[in-house]
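Working notes, beginning with the structure itself.
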Amino acid sequence: MGELSVNHLLGIKYLNESDIELIFETADHFKEVINRSIKKVPSLRDITIANIFFENSTRTRLSFELAEKRLSADVINFSAGQSSVKKGETLIDTVNNILSMKVDMVVMRHPNPGAGIFLSKHVKAAIVNAGDGAHEHPTQALLDSYSIREKLGDVAGKNVVIVGDILHSRVALSNIFALKLQGANVKVCGPKTLLPKYIESLGVGVETNLKKALNWCDVANMLRIQNERLDISYFPTTREYTQQFGVNKAMLNSLDKEIVIMHPGPINRGVEITSDVADSKQSIILNQVENGVAIRMAVIYLLASKIK
């Protein structure tokens, strides 16, 4: 088995193609494990992992926690929303207190871009970025690419459109890096107000007409409208957004081909996609959730093997 070129998973932009390939091969192995009757392996019995979430995220936190427990790691959960962070404790104090408990790895979600990078320079533990502001969310991008590979056989050469709020989305940025690294063609689609000015410099096409974007793509990744991040109004009403950028079954059926529908979750049903799309055979949303555990097991396992 090879090893990763990095000691932390801070963002996709620090990985190379062989890192991604190694993570996917390892995830293939763990996917077999989680489909057995006994779903645990003793691989990380001597590793302690702290999950530190400075922002709420039920799905990502549960997925990481399940991955860690499947590997038999000792797990500490720390939800900063209810803790002394509210009393003014700094990020570094919080982490040092946790590290004094002899933690080997920290999985962290933080509202500030670059928080994981800052942490990796100041503490002796492997860091996994579980989302930092509107910057990156590497494990989501890895599980998305892995799900495409599983469904279509390969990522290289596939046309993938990411639809929605690109401006505030760490999922979009990490996905763009991961897909480009693996040789996919990527376009973004959404209201002009939600497309960053620099987006084309990442080698990504822009399409503001959803029907054209869907006819072009093999895969459409539908992002959630993140109402909690929209401090100003980027489009007139949710209803108007849905009329222009929401996908329903009639629209899917009117395309020249059958495309794959993805969503990082949680879904605003009836906004980005209707229920009959989310639950259709073209949707791989539940596969993404299952693959999330296998991918996170792979990342944790590979990083743990580098802890000296």
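The values are calculated or read from the model by the stated rules, or taken from the named source; none is laboratory data. The structure presented is a predicted model; accordingly, all values stated were derived computationally and were not measured. Because the Cβ atoms are built from the backbone with ideal geometry, glycine has one as well, and the counts that use them run over all protein chains shown.
Scanning region 110-129 for residues that are part of a helix (DSSP H, G or I), farther than 20 Å from R296 by Cα and in contact with a Leu (Cβ under 6 Å, 6 or more places away or on another chain) gives no hits. When the test is whether a residue is modelled with pLDDT of 95 or more, over 20 Å from D46 (Cα atoms) and surrounded by 16 or more Cβ atoms within 10 Å (Cβ to Cβ), H137 passes it. Whenever a residue of region 289-308 is at pLDDT below 95, its partners that are polar (S, T, N, Q), lying with C-beta atoms within less than 7 angstrom and at least six residues away or across chains, give the pairs K306/N7.
The single residue among R70, R59, R109 that is within 21 Å of the chain's Cα centre (by Cα), charged (D, E, K, R), surrounded by 16 or more Cβ atoms within 10 Å (Cβ to Cβ) and closer than 29 Å to R36 by Cα turns out to be R70.
Residues are listed down the side, and each one gets a yes or a no for (1) at pLDDT below 85; (2) not in a loop (DSSP other than H, G, I, E, B):
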| residue | (1), (2) |
| --- | --- |
| T60 | no, yes |
| L66 | no, yes |
| E89 | yes, no |
| I92 | yes, yes |
| K102 | no, no |
| M108 | no, yes |
| G131 | no, yes |
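Considering region 210-308, the qualifying helices (runs of 4 or more DSSP H), each wholly inside and each with 1 or more residues that are outside the structural domain of R170 (by TED's automatic domain parsing) and of a type in the set (A, V, I, L, M), run over 285-304. Once region 134-157 is narrowed to residues that are touching a helix residue (DSSP H, G or I) at 6+ places or on another chain (Cβ under 7 Å) and not in a helix (DSSP H, G or I), the residue that is nearest to L179 (Cα to Cα) is V155.
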